[in-house]
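The values are calculated or read from the model by the stated rules, or taken from the named source; none is laboratory data. Keep in mind that what you see is a predicted model, and the values were worked out from it rather than measured. Heads up, the Cβs are rebuilt from the backbone with ideal geometry, glycines too, and the neighbour counts pull from every protein chain shown. Note: areas computed on protein heavy atoms with side chains; ligands, DNA, RNA excluded. Shrake-Rupley method; radii C 1.70, N 1.55, O 1.52, S 1.80 Å.
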Number of protein chains: 4
Amino acid sequence: MRAKSLTEQARRAQIVAAAIEVLAELGYGATSFKQIAARAGLSSTGLISYHFKGKQELVDSVYAEVRRTFTEFVLERMDHSATAAGELRAFLSANLRFLRAHRAHMVALAQVRPHVSAADSADDDHRKMADLLRQGQRRGEFREFDADTVAIFVLALRNGVLARAGDHPEVDLDLCERELITVVELATRRG
Amino acid sequence: MRAKSLTEQARRAQIVAAAIEVLAELGYGATSFKQIAARAGLSSTGLISYHFKGKQELVDSVYAEVRRTFTEFVLERMDHSATAAGELRAFLSANLRFLRAHRAHMVALAQVRPHVSAADSADDDHRKMADLLRQGQRRGEFREFDADTVAIFVLALRNGVLARAGDHPEVDLDLCERELITVVELATRRG
Amino acid sequence: MRAKSLTEQARRAQIVAAAIEVLAELGYGATSFKQIAARAGLSSTGLISYHFKGKQELVDSVYAEVRRTFTEFVLERMDHSATAAGELRAFLSANLRFLRAHRAHMVALAQVRPHVSAADSADDDHRKMADLLRQGQRRGEFREFDADTVAIFVLALRNGVLARAGDHPEVDLDLCERELITVVELATRRG
Amino acid sequence: MRAKSLTEQARRAQIVAAAIEVLAELGYGATSFKQIAARAGLSSTGLISYHFKGKQELVDSVYAEVRRTFTEFVLERMDHSATAAGELRAFLSANLRFLRAHRAHMVALAQVRPHVSAADSADDDHRKMADLLRQGQRRGEFREFDADTVAIFVLALRNGVLARAGDHPEVDLDLCERELITVVELATRRG
DNA sequence: CATGAATGAGCTTTCATTCAT
DNA sequence: CATGAATGAAAGCTCATTCAT
């Protein structure tokens, strides 16, 4: 894999950005090269094939880009010094803030996930969350529970809120954030 | 809308059943009329178009059928006499049992949901859950929280568990059920 | 592989026939579904894909059809009772007559052969010819030579004549036939 | 047509050489500018279009180059002083040796021939061979036959052997050469 | 001269849908 | 009612070619 030129990188980024927009607006099924090309102001779908070996590579690139943006966003807002409980709170909080800042990314992510070829990196999320929970248990912050199972719950809450908020713009994200943090704390804390 | 003859109803049911199987096995994207017809033992996709005005109507019918089956299943197992907390427990429990008994329906539901046109009947679920929660608050079983928000959480937990279990057959559903009930109880109970 | 209906067989035959014409006129590279559909009076290339699983199946069908026609034609004109030398003469003669009767088939065959997927049935021809030559040697009609090598020669002569005559309509096929038979006889006869 | 600079000539030669390799390895259908550029170490297919007016010119150039190499090779090995029969033997012999020395050229030639636009220079071969045969007849070396027709045969034998040997590497070229010379001699000699 | 990005026509294929029988 | 043949739109993708730099 030889290095991409600057122009190439820029075009790829532009196409990925257009794809994200279209995915968020029309959903995966209606997202064709034609739509993406139109959105990106390209004169031909051939150009997309020129920059991406196939639809799969584009889909994977979209996924990677959204994850990159998301991870970066969350990491910047994580509270590394503190307790596991603190990290958990920061994680949830960052997720909701990301939704506010990049709603299209969030929706596109949901649309694209079932079609990503990469060994499912959702498993990554799961593993990291379970580790954080176990750490909190070792430190005595959290009660006894099966960390893998509760990790499913935490991520389910996150996903469910994002999905709901994606469909229902009227959801009050501030309220949601407070309640979410409360709920997770009640569900995990010791005693 | 004139009444459907018995034959017609039977055919529709047969097609919907086949569609559910195919959706569960191949996913939405690979579910074509051809696949469904083959699965149903029909010799022509024309028959599907004959009985359903279009793909959308079939999709909606699949959704309706899965929901009907699901609702029926859950209702039979609800504990109506008891407390709101009891109902909540019964609801969660029934959901997991349904997954065990009708995994294909569950997977098909997930595949089909994003393409359903009907005014989202997920909203129905939400409303009912919120009502149940409010009832529990009035009775003093639950702590103070925003019922609409927590309804999102409860359903998110349910959906997340189902999704995870759909993809990862190794998940221990019994363990999952116990932890889920514990978590929801901790998160909602008074005091 | 279930039986094809009569209509289906007819359509397939029609498409194959059109493909043969187009191949003969435009060559393999310019033979697209579009051209074939136009030639066959079809309103859509989709119909070709409907009747043939893919381009490869069509190509193979064309090859099979031409070979079938050809083999039938030649077999009818073979002199089975007689000597190996007689059979050889009859074979060559029949080949040239086929060219006169079905020039398009012949040209299409040449165009299509490199793209046929079937285990090369040109090897079949070769084996049969070598067997015939060996038989003639055992009977004392033919001189000693390496039958496999001379089989290559005989088929090469046949192919070369067909190719030349395909490109140069002015070739005198009667003269060609007489000379060809003479040459092969001189090259193979004992003494 | 202004003279080509040295650089230009070199580039053209490089591209043609790469094209020959690709043609021999992948066949005509899979030989794209992209493949050729990659093989030649060029970073853009644009360069090919720059040096050749179109694909046709490249194809014709490949053909011309192979023919040039081939003719040169054969001419060097011809026995000019001798009889027509001797020249004929030398010609056949040289052909087989060329195949051994430059198999790729030979295969590329076969791939490219059907797509060459140039007034078929195969006719050249034919004319020369017919002349040689007539000369042999005048000198009393060869029997009476139609020289044009037998020229077709000789070239057909040559082509057929090359084609067969191209596809079947197990062919014994030494044996083939001896048999070929014998056959042609039997078929042409006087008495 | 060489580069690499861009273009648009063309390809095969799949799909939901229609319609005569 | 059911069948299977036919339709045409749309998809992803490849290709030779063009052009600004």
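Could you work out how far apart the two model spin labels at B:Asp131 and C:Asp124 are, taking each label as a point 7 Å from the Cα in the direction of the beta carbon, and quote it in nm?
Reported label-point gap for B:Asp131 and C:Asp124 is 7.3 nm.
In chain C, if the dipole is taken from +1 on Lys/Arg beta carbons and -1 on Asp/Glu beta carbons about the Cα centre, which of C:Gln56, C:Ala187, C:Pro169 is farthest to the positive end?
Comparing the listed Cα positions along the dipole, C:Gln56 ranks first.
Return the sequence-ordered ³J(HN,Hα) values of the range D:122-137 in whole Hz as given by the Karplus equation 6.51 cos²θ - 1.76 cosθ + 1.60 applied to θ = phi - 60°, using x for Gly and Pro.
With the stated coefficients, the range D:122-137 comes to 5, 4, 4, 3, 4, 4, 4, 5, 4, 4, 4, 5, 4, 4, x, 5 Hz.
Determine ³J(HN,Hα), in whole Hz, for all residues of the range C:18-28 in sequence, where each value follows from phi through the Karplus function 6.51 cos²θ - 1.76 cosθ + 1.60 and θ = phi - 60°; x replaces Gly and Pro.
Working through the residues one at a time gives 4, 4, 4, 4, 5, 4, 5, 8, 10, x, 4 Hz.
At 7 angstrom along the Cα-to-beta-carbon line, where would the label on C:Arg138 sit relative to the other copies? Give the distances in nm, shortest first.
Nearest first, the other copies' label points are 4.9, 8.3, 10.2 nm away.
Can you tell me the relative contact order of the range A:6-188? Whole percent, Cα pairs under 8 Å, sequence separation 6 or more.
Relative contact order, the range A:6-188: 22 percent.
Please work out the C-alpha center-to-center distance from the range B:27-61 to the range C:146-191 and express it in whole Å.
59 Å
Give me the percent of accessible area attributable to carbon and sulfur for the range D:6-188, probe 1.4 angstrom.
52 percent
Per residue, how large is the accessible surface of chain B? Use a 1.4 angstrom probe and give square angstrom.
50 Å²
Between A:Asp172 and B:Leu6, what is the FRET efficiency for a Förster distance of 51 Å, r being their Cβ-Cβ separation, to the nearest 0.05?
That gives a FRET efficiency of 0.55.
To the nearest 20 debye, what charge dipole does the protein assembly as shown have about its Cα centre, counting +1 at the Cβ of each Lys and Arg and -1 at the Cβ of each Asp and Glu?
In debye, rounded to 20, the protein assembly as shown gives about 640.
Can you give me the angle between helix C:173-188 and the longest principal axis of chain C, using Cα atoms only, in degrees from 0 to 90, rounded to the nearest 10?
50 degrees
Counting only protein heavy atoms and rolling a 1.4 Å probe, how much accessible area do A and B lose on contact, total for both sides, in Å² to 100?
2200 Å²
Taking the 0 to 90 degree range and rounding to the nearest ten, how far is the long axis of helix B:147-167 tilted relative to the main principal axis of chain B, both from C-alpha atoms?
50 degrees
Name the long-range amide H neighbours of B:Arg189: under 5 Å, sequence gap of 5 or more, or other chain; modelled H, no Pro or chain starts.
Excluding prolines and chain starts, which carry no amide H, the hits are B:Arg143.
Which distances, shortest first and in nm, link D:Ser117 to the matching position in the other copies, using label points set 7 Å out along Cα to C-beta?
Nearest to farthest, the other copies are at 3.4, 3.8, 5.3 nm.
What full-extension length gain, to one decimal in nm, is calculated for B:Asp146 and B:Glu57 as 0.36 nm per residue of separation minus the Cα-Cα distance?
Answer, rounded to one decimal: 28.4 nm.
Taking every pair of Cα atoms in the protein assembly as shown, average 1/r, invert it to obtain the Kirkwood radius, and report Rg/Rh to two decimals.
On the Cα set of the protein assembly as shown, Rg over Rh gives 1.15.
So which residue of C has the beta-carbon closest to the axis that swings C onto B, and how many whole Å away?
C:Gly46, 3
Under the definition of partner shielding as Cβ atoms of other protein chains within 10 Å of a residue Cβ, what is the mean value for peptide A:137-149?
2
Peptides D:123-130, A:17-24: what's the order by average Cβ count within 10 Å, highest mean first?
Per-residue mean Cβ counts within 10 Å order the peptides as A:17-24, D:123-130.
With the label 7 angstrom out along Cα to Cβ, how close does D:Glu25 come to the same site in each of the other copies, in nm, nearest first?
Output for D:Glu25: 3.8, 4.2, 4.4 nm, nearest copy listed first.
Which of rounded, prolate, oblate describes the range D:69-141, given a ≥ b ≥ c as roots of the alpha-carbon gyration tensor eigenvalues and a/c under 1.5 marking rounded, otherwise prolate only if a/b is larger than b/c?
Here the range D:69-141 falls in the oblate category.
Pairs A:Lys128/B:Lys128; C:Lys53/C:Lys128; B:Lys55/C:Lys53; A:Lys34/B:Lys55; B:Lys34/D:Lys55: which exceed 30 Å Cα-Cα?
Long pairs (Cα-Cα over 30 Å): A:Lys128/B:Lys128; C:Lys53/C:Lys128; B:Lys34/D:Lys55.
In debye to the nearest 20, how big a dipole does chain D give about its Cα centre with +1 on each Lys and Arg Cβ and -1 on each Asp and Glu Cβ?
Approximately 500 debye in magnitude.
Highest mean first, how do A:144-157, A:96-109 rank when packing is the count of other Cβ atoms within 10 Å averaged over residues?
My ranking of the peptides, most packed first, is A:144-157, A:96-109.
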